[in-house]
Structure formats: structure tokens, C-alpha cells
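*Asks:* I have a structure here, written as C-alpha cells, and I will follow up with some questions on it.
Coordinate-derived values only; no laboratory data. In this text, all values refer to a predicted model and were calculated from it rather than measured experimentally. With ideal geometry, Cβ positions are generated from the backbone for all residues, glycine too; neighbour counts draw on all protein chains shown.
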Amino acid sequence: MLLFVDELTNVDFSFLHPDRGLLGETWLASTELDGALDEQGMVCDFGIVKKTLRNWLDETLDHCLLVPRHSPKLTLLEEDEYISLRWRFGDQELSCRSPAQAITLIDATEINAESVAEWSIQQLRALLPNTIERLSLDFSTEALGDDAFYHYSHGLKKHAGNCQRIAHGHRSRIQIWRNGIRDKSLEQSWAQRWYDIYLGSDFDLSGDQNGQLSFAYQSDQGHFDISLPAKCCELLPTDTTVEWIACYIAGQLQKAEPDASFKVRAFEGIGKGAVYQV
């Protein structure tokens, strides 16, 4: 008997891409469980499945940096409670040092939906009832049609939860109205501008040399450092919450066209975000 849960939850994270570098992403997680019926006539209680999988995904993938442990592009140093790494992509390089809980090392040479699902299933088997004979896990992206979207990574040092991690991210749509009319050309322009962007706060900037920008801060979970090519970054004069992101985009648009009015609907992953009008 097969039990399924479609779109059980979504995970927002960043990962190391072999060509694009640091990439913010959002995946929907769905699952199927195959097993024999128990004395209740059930493969497994839906409540148990949902709680177990959601908790594990929240703790292990969500708001983490996913790193392919076996990639030749990776140089890795595991210290007591910290992980330091260097990642080469093309002729560029990034580095990061974070508390170990902020980085998930995947036993794979590349991060993609299939490799992460395969690794996750191996970790999850021991957590599920023994009536489950087979577990499958599917990660997919939100269907956005022709809506513009970008991938961004960031860290929010003032956040009490896992958003404080310096390298987590989202795949997010962007909607813009100019003088009350939806302007898809502006949306596409921002999608291109922030194709694979790292959004950093100028007050967290710790270095700017040789074409690299470095950011560092101390938060509740520990000390975080990251260094990336400057062309992969955009500096904001504020924190990089989705509220400030919406304000920033609207402000940039009005600076370019002072006589026009703008409404920006900026998403943070799936189904949530902020709206700002100028």
C-alpha cells in the first residue's frame, strides 16, 4: 500500500553550484511511503509522517547552506563547532566560515533535487515506523508560469531564529506596478539583476579588495564570515529582510523615474513577502 503527502512543506536554503556559485533556492517537498497495513488499517499515521518529516527537513535543510562533500571544487575544514570552506566556480572563488549547525554536508558531488533526496532518505529511514518498507522524497520548485523570479542569499544577524545564518536563501518571484499598471519588463530587469545575488548589509561589510566583498557578524548562534566576488553581491543600506528588500527595489525604481509611482510585491520563497509603494 502506498501513502503519499503532496507538498508536505517547503525548504528555503542556499547551496554551492559548480558554475553559478552561491545560489538561494526554495523547494517544495513531497513524499511517498510504501508499506504493509497495521492493525488500524493504516501504513502509517499521517500525523506522525508529517511531524517527523517536517521536523527533520526544518532542522537539516531549511535555512542551511547545502554543500556537496565530495565535489573536487570544495576545500573543507571541519573544526570543533565550526565549518570553514572554499568553493571554486569557473575562475572565481567564495569562502565561508559558519557554526556547523548552519551548514549541511551532503554525501554527493553536486547539489540537486535528486542527490539531496537520495541522501535525505538515507537519514530518514531510521526515524520512521518499521511498517514503512520504502520511502521516496521529491523536491520540486514552485510553478511560476511566466512570472519573473530571482535567487538570492543573505543573512539576518538580528534574527532570533535560523534566518541569522549568513548563507541561506530563497527562490522568489517579483511583481512591480508602474503608475498602477503591471510592468513585466521591470520585473524581468530585476530578475536579471539579481539572478544569483548575495544581498549584504553595508554595515556588515568587513572587507573590499581584489574584487571580493567580505561580510562578517556575530549573532546568537555564533560568528559568521563569508567572502564572494563583488559582482555576485549587492549592498543594501539596511538589513536584508523582505520588507527592506521591497523598500529598496521601490526606491531604486523611483530614483530612476522620480515622476512615476511604483508598487513592489517582493516574495520571500513561496507564498509570503512584503509590499511597498512609493
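*Asks:* Give the order of Y150, Y217 when sorted by the count of other beta carbons within 10 angstrom, beginning with the fewest. Could the numbers behind the result be given before it?
*Replies:* Details: Y150 22, Y217 18.
Lowest to highest Cβ neighbour count: Y217, Y150.
*Asks:* Same structure, new question: Total Lys pairs in the chain closer than 19 Å by alpha-carbon, pairs eight or more apart in sequence or interchain only? Could the numbers behind the result be given before it?
*Replies:* On the way: K184/K255; K184/K263; K255/K263; K263/K272.
Lysine pairs satisfying the spacing and distance rule in the chain number 4.
*Asks:* Going by average Cβ density within 10 Å per residue, which order do the peptides 190-202, 165-177 take, highest to lowest? List each step's numbers first, then the result.
*Replies:* On the way: 190-202: 18.2, 165-177: 24.0.
Ranked from most to least packed, the peptides come out as 165-177, 190-202.
*Asks:* Ok, one more. Using a ≥ b ≥ c from the Cα gyration tensor of segment 87-153 (square roots of the eigenvalues), is it rounded, prolate or oblate, where a/c under 1.5 gives rounded and otherwise the larger of a/b and b/c decides, a/b for prolate?
*Replies:* Values: a/c = 2.44, a/b = 1.36, b/c = 1.79.
In terms of gyration-tensor shape, oblate.
*Asks:* While we're on this one: For the chain, what's the relative contact order in percent, using C-alpha pairs closer than 8 Å and at least 6 residues apart? Before the final figure, lay out each step's value.
*Replies:* Numbers: 633 pairs, mean separation 52.5, N = 278.
Relative contact order comes out at 19 percent.
*Asks:* Relative to the longest principal axis of the chain, what angle (0 to 90°, nearest 10) does the C-alpha long axis of helix 46-60 take?
*Replies:* 50
*Asks:* Let me test this: with uniform point scatterers at the alpha carbons of segment 28-168, what is the Debye-based log₁₀ I(q)/I(0) at q = 0.10, 0.11 1/Å?
*Replies:* Here the Debye-derived log intensity ratios amount to -0.44, -0.53.
*Asks:* Please work out which option in (i) 6, 28, 31, 22, 10, 3, 0, 0; (ii) 7, 32, 39, 19, 2, 0; (iii) 6, 23, 26, 20, 14, 7, 3, 1, 0 gives P(r) over Cα pairs in 10 Å bins from 0, in percent calculated from these coordinates, and answer with its label.
*Replies:* Entry (i).
*Asks:* In addition: Cα axis of helix 242-256 to longest principal axis of the chain: angle in degrees, 0 to 90, nearest 10?
*Replies:* Compared with the principal axis, the helix lies near 30 degrees.
*Asks:* Given points 7 Å out from each Cα along the Cα-Cβ axis, report the S84 to S30 separation in nanometres with one decimal.
*Replies:* 4.4
*Asks:* Add +1 for every Lys or Arg and -1 for every Asp or Glu among the other residues with Cβ under 15 Å from the Cβ of E79, and state the total.
*Replies:* Numbers: positive: R86, R97; negative: E78, D80, E81, D225.
Net of charged neighbours comes to -2.
*Asks:* Work out Dmax and Rg for segment 188-278 from the C-alpha atoms and quote the Rg first, both in angstrom.
*Replies:* Cα radius of gyration and Dmax of segment 188-278 are 14.6, 45 Å respectively.
*Asks:* Determine the dipole magnitude for the chain: charges of +1 sit on the beta-carbon of Lys and Arg, -1 on that of Asp and Glu, nothing else is charged, the reference point is the Cα centre, and the result goes in debye to the nearest 20. Provide the component values of the computation, followed by the final result.
*Replies:* Values: 25 positive and 42 negative charges, 161 e Å.
It works out to roughly 780 debye.
*Asks:* Still on this structure, please answer the following. Expressed as an acute angle from 0 to 90° and rounded to the nearest 10, what is the orientation of the C-alpha long axis of helix 184-193 relative to the principal long axis of the chain?
*Replies:* 80
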